[in-house]
Amino acid sequence: MNRAGLTSRLRRPFLLLPLAVTGAVLATAAPAAATFPGSPGPIVYSRSSSSESGSTGGLFAHGPRQSQKPHQLTSEPGDSTPSFSADGRMIVFSGDRNPPPLSSGSHIYAMNADGTGVRQVTEGGGYDSNPSFSPNGSQIVFDRVVGSGRPRIFIVDLDGSGLQALTDGSTSASEPVFTPNGRRIVYVGSGDSDARTDRSDIFAMAPDGANQRVLIDGIRNETEPDVSPSGRMIAFVSNRNHGPNVFVARSNGTKVRAVTHSRRDCFSSACYLSPAWSPDGGHLAYLREGRYSSELVVSRLDGSHGKEFDEGGTEEEGFGSHVGAPTWGAVP
């Protein structure tokens, strides 16, 4: 997810209508999920609305061109953190579809990319979130919080069997994504604090949980990693230079560069969250969050030519709409 090598892919005409896309706050959005290589297909994200009469929402899909209109895939307002399979045919996401009084926590669900065939993958009383497919589509990695414990990373087969813990809970571990070649899982961890302000860094480990090590370090917070389709770059969010902002780096953690340049936080002005690569590696989709606003933006890797694909806005009382973290699928 870095911006190195950006110029060779910037002018793909598939994106954005006129010409190519011409672009305690860290917890306000969920991370994007890993992007696998291919021709850019739909961007899927959560969208919710609330009023005095209740809440509505679900997962929405937007075509790769700005002129295309979004259409709704699911109708549960709690559905969030979607992620595509490598072939673009399936989506996993987090939600709670058990009616009261059975409702408890959240679980991982899988469905066809058109929103049909929803089925529950995980169960229990914990909070399961941020799922990501393995490259062959047979497994899902995700994070789970039980009670007041730290988040841990688990892996499970697509049919719900074979659940295994990859981290032990001695430190926090969350927001996992597979690299496109399946050799590593990149995630957010708290096990390497360098300063009082450093609460999370970007880590990597083997698919069985072995060889856990820091990839991207800093004296503040690094979160929401997404590995580029080539596997050579990582996009992530950090408040190292005010913000939070979106950054890119080489997959070994070097050559860190900023994509966005907010000098203030989400409450004071605007910040940038939840980056997701396009399947051809030429663009990034991410959220621009303000005190009462949320926008889905697509830009080039240097942050230029940003185009707004969807937006939400709330009143001071909290009523209104909100756009959530995107994932970008390949054309099946």
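A few notes on this one:
- Residues (at pLDDT below 95 and either buried (at least 17 other Cβ atoms within 10 Å of the Cβ) or among the hydroxyl-bearing types (Ser, Thr, Tyr) (or both)) located in the range 306-319: Thr314
- First in the range 187-200 and modelled with pLDDT of 75 or more and of a type in the set (A, V, I, L, M), second anywhere and crowded, with 18+ Cβ neighbours inside 10 Å and part of a loop (DSSP other than H, G, I, E, B), Cβ under 8 Å, 6 or more apart: Val188/Pro31; Val188/Ser172
- Pairing residues of the range 318-332 that are farther than 17 Å from Phe178 by Cβ with residues that are of a type in the set (Asp, Glu) and assigned to a strand (DSSP E or B), at Cβ distances under 6 Å and at least 6 apart in sequence or on separate chains, gives Val323/Asp310.
- Scanning the range 226-237 for residues that are farther than 13 Å from Tyr286 by Cβ and either within 17 Å of the chain's Cα centre (by Cα) or among the aliphatic types (A, V, I, L, M) (or both) yields Val227, Ser228, Pro229, Gly231, Met233, Ile234.
- If you go through the range 256-276 and keep only what is of a type in the set (Lys, Arg) and at pLDDT 95 or above, you end up with just Arg257.
- Only one entry in Glu224, Glu175 is closer than 25 Å to His107 by Cα, buried (at least 18 other Cβ atoms within 10 Å of the Cβ), out of contact with any Leu (no Cβ under 7 Å at 6 or more places or on another chain) and charged (D, E, K, R), namely Glu175.
The values are calculated or read from the model by the stated rules, or taken from the named source; none is laboratory data. Being a predicted model, the structure only gives us computed values, none of them experimental. Cβ atoms come from the backbone with ideal geometry, glycine included; neighbour counts cover every protein chain shown.
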